[in-house]
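Engineer: Input: one structure, supplied below.
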Amino acid sequence: MSEQLRIGIIGCGRIAVTRHIPELLAHPRAVLTALCDTRKARAAELAERYGVTGVYDTAEEMLRSAALDAVIICTPNWLHAADAVHALRRGLHVFVEKPMAVSLEQCQLMIEEAERAGKVLAIGHNQRLHPVFRRAKDWLDSGRIGKVTQVMTQFQHGGPELWSVDGSESWFLNGSETGLGVLGDLGIHRLDMLRWMLADEITKVHALTSSVRGISGVNDSAALVLQTAAGVLGTVQVSWNNPLQEHRTVFYGTKGTLLFGETMDSITISDMDGSVVTETVALTLRKDGGMESGMVDDFIHSILEDRKPAVSGQEAYQSMKVLFEALSVGH
């Protein structure tokens, strides 16, 4: 393998522009080789800005024509599986933005193709690499708050209209393309986070969903209630209807509570005796001021070091199983 990995991006929306392109350009072991978007002018504008030579308007053309080692897929949810499978069959390593796909069958196919090809399949659950989440997990693992009995987590913002590159015309608001609505966008993050932080599996889950926008097939608010194998009870609330945003998570234990998400970089531990400790966690910022997610670096090093990524296809599949179980018994 060459000293630097040649990486292409399929889908040039906001997540590509704000996260993957800057992190690829800054990485010493990567070369951003090709950009693809169905709106070719969008890919061309970014290519000109960053000196990228390959510009395409279909994934098929890019995968056929560009000399690549890996791809990062940022397309609408319903295309994740097809684009990933196509790339894996071309012998490329693959990173896919979450949610992994829009059915468990698609997720399983992606895993099988990656195993058959002997390539890395990484899924973009970036919260596992966030410094605050990682530090919070350290505190949980240390036993500081005792045995966790309950957890409450929220993830809410103003919706695709405020942050998608296409605004109110975003594919997120199209039932045939978003696939899983706010649960696939935000809910899957929190389900994956809970499985990872608790080192426990969610065995019971129920979802209630609604659509404030009234768009058929698009849930934009949801509440989940769950129980883990170890007996932890939890609630997850996600929404695209809160422009003020809400990121608060609280773990309740037999010795105290652990809270984070009220600020960007703090964790608060409250002991049963009334003492309170607040810790500020150092965040890693890029030169452009954006926060370093660590996802591109982890993907690249999993390829170079022949190891599993932070979130493999198999690991993401377990979180997707919980999401589909919630939807199957929810309404």
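Engineer: Of everything in the stretch 64-77 that's among the hydrophobic types (A, V, I, L, M, F, W, C) and open to solvent by less than 10 Å² (accessible area, probe 1.4 Å), which residue is nearest to residue 39 (Cα to Cα)? Lay out the reasoning, then the answer.
Structural biologist: Residues of the stretch 64-77 that are among the hydrophobic types (A, V, I, L, M, F, W, C), as a first pass: 66-68, 70-74.
So of that shortlist, the ones also open to solvent by less than 10 Å² (accessible area, probe 1.4 Å) come out as 70-73.
Details: 70: 22, 71: 18, 72: 17, 73: 15 Å.
The residue in question is 73.
Engineer: Could you grab me the full set of residues in the stretch 114-126 that are closer than 30 Å to residue 281 by Cα and part of a helix (DSSP H, G or I)?
Structural biologist: Across the stretch 114-126, the qualifying residue is only 126.
Engineer: Can you tell me which residue in the stretch 197-207 is nearest to residue 182 (Cα to Cα), limited to those that are under 22 Å from the mean Cα position of the chain (by Cα) and part of a strand (DSSP E or B)?
Structural biologist: 207
Engineer: I need the full set of residues from the stretch 57-83 which are of a type outside the set (Asp, Glu) and over 26 Å from residue 185 (Cα atoms), in order please.
Structural biologist: Scanning the stretch 57-83 gives 62, 63, 64, 65, 66, 67, 68.
Engineer: Can you name the residue in the stretch 269-307 that is touching a residue at least 24 places away in the same chain (Cβ under 8 Å), in a loop (DSSP other than H, G, I, E, B) and open to solvent by 60 Å² or more (accessible area, probe 1.4 Å) and, of all such residues, is nearest to residue 147 (Cα to Cα)?
Structural biologist: Within the stretch 269-307, the match that is nearest to residue 147 (Cα to Cα) is 282.
Engineer: Taking the condition of being surrounded by fewer than 15 Cβ atoms within 10 Å (Cβ to Cβ) and either of a type in the set (Ser, Thr, Tyr) or farther than 20 Å from residue 127 by Cα (or both), how many residues in the stretch 242-254 meet it?
Structural biologist: 3
Engineer: Something else now. Output the residue which, of all residues in the stretch 146-165 that are aliphatic (A, V, I, L, M) and open to solvent by less than 60 Å² (accessible area, probe 1.4 Å), is farthest from the chain's Cα centre (by Cα).
Structural biologist: Selected residue: 148.
Engineer: Next question, about the same structure. So residue 38 passes all but one of these: (1) β-branched (Val, Ile, Thr); (2) outside any loop (DSSP other than H, G, I, E, B); (3) open to solvent by 10 Å² or more (accessible area, probe 1.4 Å). Which condition number does it fail?
Structural biologist: Of (1) β-branched (Val, Ile, Thr); (2) outside any loop (DSSP other than H, G, I, E, B); (3) open to solvent by 10 Å² or more (accessible area, probe 1.4 Å), only one is false for residue 38: (2).
Engineer: Mind listing whichever residues of the stretch 178-196 are open to solvent by less than 30 Å² (accessible area, probe 1.4 Å) and part of a loop (DSSP other than H, G, I, E, B)?
Structural biologist: 180
Engineer: Hey, any hits in the stretch 169-185 for a residue that's modelled with pLDDT of 95 or more and either of a type in the set (A, V, I, L, M) or farther than 26 Å from residue 81 by Cα (or both)?
Structural biologist: Looking through the stretch 169-185, at least one residue is modelled with pLDDT of 95 or more and either of a type in the set (A, V, I, L, M) or farther than 26 Å from residue 81 by Cα (or both).
Engineer: Still on this structure, I have one more. Could you please let me know if residue 175 is surrounded by 22 or more Cβ atoms within 10 Å (Cβ to Cβ), farther than 30 Å from residue 266 by Cα and not basic (Lys, Arg)?
Structural biologist: It is false that residue 175 is surrounded by 22 or more Cβ atoms within 10 Å (Cβ to Cβ), farther than 30 Å from residue 266 by Cα and not basic (Lys, Arg).
Engineer: Could you grab me the full set of residues in the stretch 213-227 that are open to solvent by 60 Å² or more (accessible area, probe 1.4 Å) and not charged (D, E, K, R)?
Structural biologist: We begin by selecting, within the stretch 213-227, every residue open to solvent by 60 Å² or more (accessible area, probe 1.4 Å); these are 213-214, 216, 225.
Of everything in the stretch 213-227, those that are open to solvent by 60 Å² or more (accessible area, probe 1.4 Å) and not charged (D, E, K, R) turn out to be 214, 216, 225.
Engineer: What are the residue pairs meeting all of these: first residue in the stretch 11-33, first residue touching a residue at least 40 places away in the same chain (Cβ under 8 Å) and part of a helix (DSSP H, G or I), second residue surrounded by fewer than 18 Cβ atoms within 10 Å (Cβ to Cβ) and hydroxyl-bearing (Ser, Thr, Tyr), Cβ atoms under 7 Å, and 6 or more apart or on different chains?
Structural biologist: 14/164
A quick yes/no check of all residues on (1) part of a loop (DSSP other than H, G, I, E, B); (2) crowded, with 19+ Cβ neighbours inside 10 Å:
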| site | (1), (2) |
| --- | --- |
| 55 | no, yes |
| 79 | no, yes |
| 84 | no, yes |
| 87 | no, yes |
| 95 | no, yes |
| 101 | yes, yes |
| 105 | no, no |
| 112 | no, no |
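Engineer: Scan the stretch 127-145 and tell me whether some residue there is modelled with pLDDT of 95 or more, open to solvent by 40 Å² or more (accessible area, probe 1.4 Å), of a type in the set (S, T, N, Q) and not in a strand (DSSP E or B).
Structural biologist: Yes, that holds for at least one residue.
Engineer: Would you say residue 210 is open to solvent by 40 Å² or more (accessible area, probe 1.4 Å), within 19 Å of residue 267 (Cα to Cα), out of contact with any helix residue (DSSP H, G or I) (no Cβ under 9 Å at 6 or more places or on another chain) and of a type outside the set (Lys, Arg)?
Structural biologist: No; evaluated as a whole, the condition is false for this residue.
Engineer: Also, quick follow-up: Condition test on residue 217, is it assigned to a loop (DSSP other than H, G, I, E, B), in contact with a helix residue (DSSP H, G or I) (Cβ under 9 Å, 6 or more places away or on another chain), on the phi > 0 side of the Ramachandran plot and not hydrophobic (A, V, I, L, M, F, W, C)?
Structural biologist: yes
The values are calculated or read from the model by the stated rules, or taken from the named source; none is laboratory data. Since this is a predicted model, take the numbers as computed values, not measurements. So basically every Cβ, Gly included, is an ideal-geometry build from the backbone, and we count neighbours across all protein chains shown. Remember, those area values only see protein heavy atoms, side chains included, never the ligands or the DNA or RNA. Shrake-Rupley method; radii C 1.70, N 1.55, O 1.52, S 1.80 Å.
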